[in-house]
Structures are given as structure tokens and as C-alpha cells.
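Have a look at the structure below before the remarks.
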Amino acid sequence: MTLIKSISGIRGTIGGTPGQALTPPDIIKFSSAFTRWAREHASSNRLVIGRDARPSGEMVTQLVKGAVTAMGMDIIDLGLSTTPTVEMAVPHHQAAGGIIITASHNPVEWNALKLLNDKGEFVSAQDGATILSLADSKLKYATVNELGRIQQDNEALQRHIEAILALPEVDTEAIRQAGFTIAVDAVNSSGGIAVPALLQALGIENIVKINCEPNGRFAHNPEPLPENLGEISRTVVSEKCDLGIVVDPDVDRLALICEDGSMFGEEYTLVAVADYLLSRQPGNTVSNLSSTRALRDITEKYGGQYQAAAVGEVNVVEKMKATQAVIGGEGNGGIIFPALHYGRDALVGIALFLSHLARQQTTASDLRATYPAYFMAKKKIALTPAIDVDAILQQMATLYAHAQRNTIDGLKIDLADGWIHLRKSNTEPIIRVYTEAASEQAAHDLADKAISQIQELTAGK
């Protein structure tokens, strides 16, 4: 059993012993602490909540409702929803914050509380640390006459979709005229409702649904990686679809399948959307240090500036605001379009990508071929707990003194023909080794070389 308490929220496996898994006492404790923090940081007396479809969602929701109302705050409950929908509902309701009950791409035995501030954005590292501290303090609950109330909001998804359709960058007419046939795999979670609803609103009539029953019984590993997407890849080909769309359980990550069944590439979801937007209005972009170099290439092609942020949505959003980026996100298929809101949003990503594809009047595979070809390798090296990881990273930085280096999140080494990103885990004695190069073999060679160098350094300790 696992319980991970971090500055961005609390997540863990359902069942087991309090303090060692995500149990009712843990859910109540952290929901109560967040409620107190939210009350102290905003004038509103209400919180917005929503959940994905995993089987534990209703149980966790009831506990959250009890804790929040017991603390004297009202609740706007969206019920089955998506992470970006909850994010947009917080400012709509002028709420003090929000709680999203989802473990995102984690397997079905997991659940989590993701915490939003009054802007509908994930709480900062500083605020997250304060909330964790409050959870270990004595909290005061409301008297019977001060208990919070619960209100249902069944229109949040529709408002979300209408806001997407209202964006000038979304070309509904071009999408409708293209007559796309699209397959959707929503891993039997809330995307099974949200994605088809969006597609229909965009004028798409031919939708092939796979795993779109929001019963929480994930038909495959819910992380939208190529090894988990065989079914939709085959369906796209057999049903002669123009595109396959895959989302994770809370609909903040977007993966695409080309008409020939090949992977468009999760890293290239953001690249394609950025290409479309920058061709209309040049500007700056941001992604995290572990995302493809192709976004930098596309940005510079249109005269903009690319900046890299530390891994994590909060860090990307902070850098986007600082650089006034017009588009940003993460290479895991997370699109952040600030004209709509500062949060990863697969729904707006779908609308923008389809606008691009329709206007180009080409196939998804041909569109993918127009972008710089990079390949990634993702590996890790296990260390003994006695090894000083920070010291090892400093030594690696010295070994690569000839290269451009970035130390805002581990060590990023930019080379002429690729890059290496070394990050230490916060939960186990390992270093994650991510690389990118112009060929798959070159990416693996870069990673293997870095691992060999780290092993040599640790052997000398």
C-alpha cells in the first residue's frame, strides 16, 4: 500500500492502514486542511469538486464532501467531470479553490486529491507545503448551524465546450466540412462523456467509441503510451478513421493515432498545436525540460522564443506567465492554452489540432512528417541510499562543462545533436535518465553513456 503526500496533493492506493495508504482518515484530514487553507486565502466560502470515473471515486467524494462541509464551507459538486472542467469551474463560481478527485493516469487501485487555488490553477509549492503542515495541526470544525451546504452543477462541461467553440482559433466550419471519422478511447472514464460531446459540438458525425463507458473499469493501463494503445490503433485502420483520440482518465493528456494506425507521438501533440497557433500569431512557448526539442525548433521558425521550465504543471504555468507564452505544456500530451485557462486540457487540444488538420487538408501521418524527427529514450539507474545524488549530478555537470547546462530541475545537458536530462527521484534512490537525439539508437546511446558515467562516479565513492 502507498500514500504519497506532496505539495501538489495527496495520492495513494485505496485501502489499508491510515498513514500508509489513501484511507478515509487520510482523505478527511487532508480535505479538512485544504479547506482551512482555502478559507484563509480567498474571500469565497465555497469549493468546487469533481471526480473521474474510477470505482473509488464516489466513496472518496462522499468523504471529501463531509470534511469540507464539516469545516463550514459550501461545495459546488460537478460530479463525474474532467480536470480542466473543474479548473474552469472554480473562477466561474468565484470559489476559494477546488479539489479534483482523480489519480490521473495511475492504475485503478489509486486515487488522489488534486488541489486548486481560487484561479483554478494548481496550488504553488509554498502553498502546498502550508497545507501539508495544516494537516498535522489541530483543526477546528464547524458547529451544527455553521455546516456547509452542497450544490450540484450539471452544466460545467457544457460551459467548458462552449468556451472552446468560442475561441477564434477553433475553426468549427473547417472541421465540419472535413467530414472526419474519428475513433475515441477514453479508458472507460469521464472522457467517454466529454470527448464525444466536444466532437459532436464541432460538427463531427462519425465517431467510433472505444472504452467510452464511464464505469471506471479501465480496459488497459490508463497511461496513454504506445504500448497501451493497440486496440484503438487497430480500430482506426479497420474503421478507416482519419484520426484516433486517446485521453487519460481525467482528460488532461492527449495522445493521437494517425490514419494508418501509427502513433502521432505524445511529444508531438503540443508541437502540432503550437505550429497551428504560431502560424496565426507568432509568440513565445514553454515546455518542461524533459520535452522534445521540436517545440523549440517550431517556435524559432516563427520568430518566437522558447523557454524550458522545471518538470511539473505548476512550473510550466509559472514560466508561461513570466514569458507571456501563447502556448505551452508538457511532452506527455498536456496542452496549456492560456487564452482559455492555465491548465492542461485535452479538450481544447483536440479542437485546436482538428482545426489545424482540417485547414491543412492532409492526413495526420503526412502532417506528422512535416515536423523535426527526434527520438527519446527514458531510463533510470538505481543507487544505494548512501550515495549523494546531488554530488553525482554536480560531477556530471563538470564532465559536460563544454555543453550548455541547466540546473533548475536536476541537470539538463544540451548537446549539438541531442540532450540528456538527469533527475533524482523524490521517493526512491534512483536517477531518471531522459535523452533525445535524431535517431532512436542515438538516444539510447546517449542514455547508456550517461548511465555508464554515473556508475563510474559512484564506484569511486
Quiz prompt | Which listed residue, of THR285, THR292, is under 15 Å from TYR374 (Cβ atoms) and in contact (Cβ under 8 Å) with a residue 40 or more places away in the chain | solution = THR292
Quiz item: When the residues of the stretch 188-230 are filtered to those that are among the polar types (S, T, N, Q) and modelled with pLDDT under 95, which remaining residue is surrounded by the fewest Cβ atoms within 10 Å (Cβ to Cβ)?
Solution: ASN221
Quiz item: Does the stretch 317-327 include one or more residues that are outside any helix (DSSP H, G or I), surrounded by 24 or more Cβ atoms within 10 Å (Cβ to Cβ), modelled with pLDDT of 95 or more and not hydroxyl-bearing (Ser, Thr, Tyr)?
Solution: yes
Quiz item: Among (1) in contact (Cβ under 8 Å) with a residue 24 or more places away in the chain; (2) aliphatic (A, V, I, L, M); (3) over 20 Å from VAL170 (Cα atoms), where does ALA322 come up short?
Solution: (1)
Quiz item: Just checking, how many residues over the stretch 79-119 are hydrophobic (A, V, I, L, M, F, W, C), crowded, with 24+ Cβ neighbours inside 10 Å and either outside the structural domain of THR23 (by TED's automatic domain parsing) or more than 17 Å from the chain's Cα centre (by Cα) (or both)?
Solution: 4
Self-check item: Close pairs from the stretch 349-364: first without any contact (Cβ under 8 Å) to a residue 40 or more places away in the chain, partner of a type outside the set (D, E, K, R) and outside any loop (DSSP other than H, G, I, E, B), Cβ under 8 Å, at least 6 apart
Solution: GLN360/LEU367
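Can you list the strands (runs of 3 or more DSSP E) lying wholly within the stretch 231-295 that have 2 or more residues being modelled with pLDDT of 95 or more and among the hydrophobic types (A, V, I, L, M, F, W, C)?
Details: elements: 243-247, 254-257, 285-288.
Output list reads 243-247, 254-257.
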Practice problem: Can you give me the number of residues within the stretch 338-352 that are surrounded by fewer than 23 Cβ atoms within 10 Å (Cβ to Cβ) and closer than 18 Å to GLU173 by Cβ? | Solution: 0
Quiz item: Which residue, of THR69, THR2, THR61, THR35, is within 23 Å of the chain's Cα centre (by Cα), modelled with pLDDT of 95 or more and either buried (at least 18 other Cβ atoms within 10 Å of the Cβ) or closer than 19 Å to LEU132 by Cβ (or both)?
Solution: THR61
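Conditions (1) among the small types (Gly, Ala, Ser); (2) touching a residue at least 40 places away in the same chain (Cβ under 8 Å), marked per residue:
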| site | (1), (2) |
| --- | --- |
| LEU340 | no, yes |
| ARG368 | no, yes |
| PRO372 | no, yes |
| ALA382 | yes, yes |
| TYR400 | no, no |
| ASP414 | no, no |
| ALA437 | yes, yes |
Quiz item: Quick check: anything in the stretch 256-264 under 21 Å from the mean Cα position of the chain (by Cα) and among the charged types (D, E, K, R)?
Solution: no
Quiz prompt | Scan of the stretch 408-429 for residues that are in contact with a Gly (Cβ under 9 Å, 6 or more places away or on another chain) and modelled with pLDDT under 95, ordered by number | solution = ASP409, ARG423, LYS424
Exercise. Kindly list the number of the only condition in (1) assigned by TED's automatic domain parsing to the domain that holds ILE257; (2) surrounded by fewer than 22 Cβ atoms within 10 Å (Cβ to Cβ); (3) touching a residue at least 24 places away in the same chain (Cβ under 8 Å) that fails for LEU147.
Key: (1)
Self-check item: Single condition PRO55 does not satisfy, out of (1) farther than 17 Å from GLY191 by Cα; (2) not in a helix (DSSP H, G or I)
Solution: (1)
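The values are calculated or read from the model by the stated rules, or taken from the named source; none is laboratory data. Bear in mind that the values here come from a model prediction, so they are computed numbers and not experimental data. Here Cβ is always computed from backbone atoms with ideal geometry, including for glycine, and neighbour counts include all displayed protein chains.
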